[in-house]
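Enquirer: First, the structure itself, so that you have it in front of you.
The values are calculated or read from the model by the stated rules, or taken from the named source; none is laboratory data. Note that the structure is a prediction, hence the values are computed from the model and not measured. Because the Cβ atoms are built from the backbone with ideal geometry, glycine has one as well, and the counts that use them run over all protein chains shown. With ligands, DNA and RNA removed, areas are computed over all heavy atoms of the protein, side chains included. Shrake-Rupley method; radii C 1.70, N 1.55, O 1.52, S 1.80 Å.
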Amino acid sequence: MSPQMIDRLSQACLDTLFMVGVSAGIAVLAGLPLALFLVTSGPGGIFPAPRANRVVGTLVNGFRAVPFIVLLVALIPFTRLVAGTTIGVWAAIVPLSVSATPFFARIAEVSLREVDAGLIEAAQSIGCRRRHILLHVLLPEALPGILGGLTITVVSMIGASAMAGAVGAGGLGDVAIRYGYQRFDTTVMLAVIAILIALVCLVQFAGDSAVRRLRAR
């Protein structure tokens, strides 16, 4: 493999990490409040709002049902409006974030629902305000599950970012398509696959280690 190709792979790896990192940050900032709303606004929740819960739940399910490659194309006008372009790293961040947010929200919702209802009732019985229950009961108790869900989300986003390379989003997927597939260079394809596997393993290992430390506390 030529030094130029090694440089391209290195830059593509950094682009992929940047895309996934920024998109994961947006997914957490948008998805966690969404998950809290879905849990607390449902029947028996501490902020009951059944109609709004159904509407938001339907929207979340709708976005989750759309395959990423279809969403990537469908969001082109919105991506151009937000990022000013439809190619490159920043253009990929928009559909990645939109796709990952409802996915992460549902995973976080499951973790939040698993919090023992007795803890919430105990907090209410001693006069805790609802926002204190959110911050000091629900989130801390659900944190290991939420972090595990974030790990799954990031792993999925690594694969999605490679898929986005097929439409000029940059990153490892772009290198695999342009320099591997289109030029019939098996070495480049195998190198990209090896890097993607390494990234997934590192993310999974880091996430599992963090979850174990949280549960041991």
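Enquirer: What helices does the chain have that are whole DSSP H segments, at least 24 Å long along their own axis by Cα, and with mean Kyte-Doolittle hydropathy of 0.0 or more? Don't skip to the end; give the middle numbers.
Expert: Details: long enough: 3-40 (55 Å, 1.35); 89-113 (35 Å, 1.13); 139-164 (35 Å, 1.42); 186-216 (45 Å, 1.56).
Within the chain the helices that satisfy the rule are 3-40, 89-113, 139-164, 186-216.
Enquirer: Which of the listed residues, GLY168, LEU147, GLY57, is farthest toward the dipole's positive end in the chain, when Lys, Arg count +1 and Asp, Glu count -1 at the beta-carbon?
Expert: Final value for the positive-end residue is GLY57.
Enquirer: Between GLY21, GLY45, GLY207, which gets the highest mean-square fluctuation from a Gaussian network model of the chain, Cα cutoff 10 Å?
Expert: GLY45
Enquirer: If you count only protein heavy atoms with a 1.4 Å probe, what accessible area per residue comes out for the chain, rounded to a whole Å²?
Expert: Values: 11750 Å² over 217 residues.
Per-residue value: 54 Å².
Enquirer: Using Cα-Cα distances under 8 Å and only pairs 6 or more residues apart, what relative contact order does the stretch 1-63 have, in percent?
Expert: 15 percent
Enquirer: Let me ask something else about it. Counting helices only, and only those DSSP H runs with n ≥ 4, report the 222 nm mean residue ellipticity of the chain as the sum of -39,500 (n - 2.57) divided by its residues, in deg cm²/dmol to the nearest 500.
Expert: -26000 deg cm²/dmol
Enquirer: Could you give the radius of gyration (one decimal) and Dmax (whole number) of the Cα atoms in the chain, in Å?
Expert: Values for the chain (Cα only, Rg and Dmax): 20.0, 68 Å.
Enquirer: Once you have the Cα-Cα distance between LEU135 and VAL110, take 0.36 nm times their residue separation minus that, and quote the gain in nm to one decimal.
Expert: Contour length minus the Cα-Cα distance gives 7.3 nm.
Enquirer: Per the 1.4 Å probe, what fraction of the accessible area of the stretch 3-216, in percent, lies on carbon and sulfur atoms?
Expert: Ligands and nucleic acids excluded, carbon and sulfur give 67 percent.
Enquirer: Another question, then. Sort 209-215, 125-131 by the packing proxy (mean of other Cβ within 10 Å over each peptide's residues), most packed first.
Expert: Working: 209-215: 13.3, 125-131: 10.6.
Output ranking for 209-215, 125-131: 209-215, 125-131.
Enquirer: For the stretch 3-216, what's the relative contact order in percent, using C-alpha pairs closer than 8 Å and at least 6 residues apart?
Expert: Values: 242 pairs, mean separation 56.0, N = 214.
Relative contact order here is 26 percent.
Enquirer: Set the Förster distance to 45 Å, then compute FRET efficiency between ALA216 and ASP185 from the Cβ-Cβ distance, nearest 0.05.
Expert: About 0.45, to the nearest 0.05.
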